[in-house]
Amino acid sequence: MTTAIATPAAPQAPTWSAQRGHAWYAEQPRILGANFIPASAINQLEMWQEDTFDPERIDLELGWARELGMNTMRVFLHDLLWAQDAVAFKQRIDTYLDIASRHGIRTMLVLFDSCWDPRPALGRQRAPTPGVHNSGWVQSPGAAQLSNPASYPALRAYVEDIVTSYGNDERVWCWDLWNEPDNQGGGMGYYQQFEANEKIALVAQLLPQVFGWAQACAPSQPLTSGIWFGDDWSPESALLNDVQKAQLALSDVVTFHDYSWPEKFLARIRQLQSYGRPLVCTEYMARGMGSTFDATLQIARAEHVGMINWGFVAGKSQTNMPWDSWKNPYTFAPPSVWFHDVLHTDGTPYRAYEVELLRQHVKAS
């Protein structure tokens, strides 16, 4: 049995009307970008901690992104960094945002994340597991926090401070409050043993509260949380769980993830268009799954969908390795086809043709 959360009543609707959402979206450039972590970091903690924060590498990589026509990055924060030293953490966020802004790139900040290792810990992060996809990524909040309602006031303070600090900052274009909140870890089931008991029920209670905390800060940017699994996302679907219902009911703009073939990508768009709000795909592009730049970007242009692919520069996250590398690590040879990522660590394109597709996307009528 889950423990009730002693917080104000959860919101029942997004702050923005659909009309306001579309008016905002009409003022945006054609959204194109990537989920960003520098090649020098294995996870969010290593990206942001004082000893490993690498503004020179960030500047280099965001310069490459600008050359590809990207105008957007989706970047993950972590509550433990704020709890450790909120002032210093925000100084590093400001440094990142200044670098991105100089390159003409705006940022979607992600506050929480339910993917991969549910045992986050500050300090030196482990080295990548050879040949394994995303072997060091960590959740926020971790299982211990999620299982303990006494930790929720600190999570609330984190949300309120970050959203208040950047809620009218032109360098931030959108808030992704919780990445894949109903994900059970990852790692082909490896992390399941470490997850909080009744994780999805706990998240279903907490996610609406997180929306409420952020809404109360009255940011000028829209709030969202992206739906990511299942086959029927339409409003009349009986297959939506409580987390998905909250995501779709409370998001000012609808965001989603899709790593499938073009026909399924288009079908998902058709389902989500029924909600009457702007659409942004905040994760896509897994070559081995049939999600590629050539077909997907054509559909996105026709349907006016913003596009943010997973992975930019291949590095310590090793997301150029397929998901199945958790069972069959690529330790003796690289995969025949990269899964995610666009550039090698030195900035050389994995495929020159893809780079041209990205450049053409923002210019096409």
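Just to confirm a number: summing +1 for Lys and Arg and -1 for Asp and Glu over residues other than PRO29 whose beta-carbon lies under 12 angstrom from that of PRO29, what do you get?
With Lys, Arg at +1 and Asp, Glu at -1, the net is +2.
So how strong a dipole does the chain carry about its Cα centre when Lys and Arg Cβ are +1 and Asp and Glu Cβ are -1, to the nearest 20 debye?
Using Cβ point charges on Lys, Arg, Asp and Glu, the chain gives about 380 debye.
Comparing HIS78, HIS257, HIS103, which has the greatest mean-square fluctuation in the GNM of the chain with Cα pairs linked when under 10 Å apart?
Maximum among the listed residues: HIS103.
Taking amide H positions as placed in the peptide plane 1.01 Å from N, state which residues far from ARG106 in sequence (5 or more) or on other chains have amide H under 5 Å from it.
Under 5 Å from the amide H of ARG106: THR72, MET73.
Just to confirm a number: summing +1 for Lys and Arg and -1 for Asp and Glu over residues other than TYR191 whose beta-carbon lies under 15 angstrom from that of TYR191, what do you get?
Within the 15 Å Cβ shell, the charges total -1.
Rank ALA100, ALA238, ALA201 by mean-square fluctuation in a GNM of the chain with C-alpha springs under 10 angstrom and give only the top-ranked residue.
ALA238
Just to be sure I understand: of the beta bridges DSSP finds with both ends in the chain, what percent are antiparallel, rounded to 5?
If we restrict to bridges inside the chain, about 10 percent are antiparallel.
For the chain, what's the relative contact order in percent, using C-alpha pairs closer than 8 Å and at least 6 residues apart?
Over the chain, the number comes to 22 percent.
Can you flag which of LYS90/LYS316; LYS199/LYS327; LYS316/LYS363 are past 27 Å Cα-Cα?
LYS316/LYS363
With charges set only on the Cβ (+1 for Lys and Arg, -1 for Asp and Glu), what does the dipole of segment 32-103 come to about its Cα centre, in debye to the nearest 20?
Rounded to the nearest 20 debye, it is 300 debye.
Among GLY123, GLY315, LEU80, pick out the residue whose Cα is farthest towards the positive end of the charge dipole of the chain, where Lys and Arg carry +1 and Asp and Glu carry -1 on C-beta, about the Cα centre.
GLY315
Can you give the alpha-carbon Rg of segment 205-276 over 2.2 N^0.38 Å, where N counts its residues?
1.16
Based on Cβ point charges of +1 for Lys and Arg and -1 for Asp and Glu, what charge dipole magnitude is obtained for segment 123-171 about its Cα centre, in debye rounded to the nearest 20?
Value, rounded to 20: 320 debye.
Read-outs: derived from the displayed coordinates by stated rules, not from any lab. Quick caveat: nothing in here was measured; it's all calculated off a predicted structure. All Cβ positions, even for glycine, are placed from backbone atoms using ideal geometry, and neighbour counts span all protein chains on display.
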